[in-house]
Amino acid sequence: MSGDPSKQYWYNINTGEVEFGYVSPAPERVGPFETKLEAEHALETLRANSAKWAEEDAAND
């Protein structure tokens, strides 16, 4: 990921909307994402990452 985060896309977890730049307060958004499409799929990305990290944690126990 590169670039200025204030000029990237964010997913607002309260509204389910994609935003460009720092529109909402930080606790309400996840990101940044380089494209609008990536931000639109933020929840799927978060779920996949969580599952991957849980598997890694279980493997390390």
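What follows is calculated from the coordinates using simple rules that are stated; it is not laboratory data. The structure presented is a predicted model; accordingly, all values stated were derived computationally and were not measured. Virtual Cβ from ideal backbone geometry, glycine too; neighbours counted across all protein chains shown.
A few notes on this one:
- Considering only residues in segment 15-61 that are β-branched (Val, Ile, Thr) and within 20 Å of ASP4 (Cα to Cα), the one that is surrounded by the fewest Cβ atoms within 10 Å (Cβ to Cβ) turns out to be THR35.
- Subset of segment 15-39 [in a helix (DSSP H, G or I) and without any contact (Cβ under 8 Å) to a residue 12 or more places away in the chain]: ALA26, PRO27, LEU37
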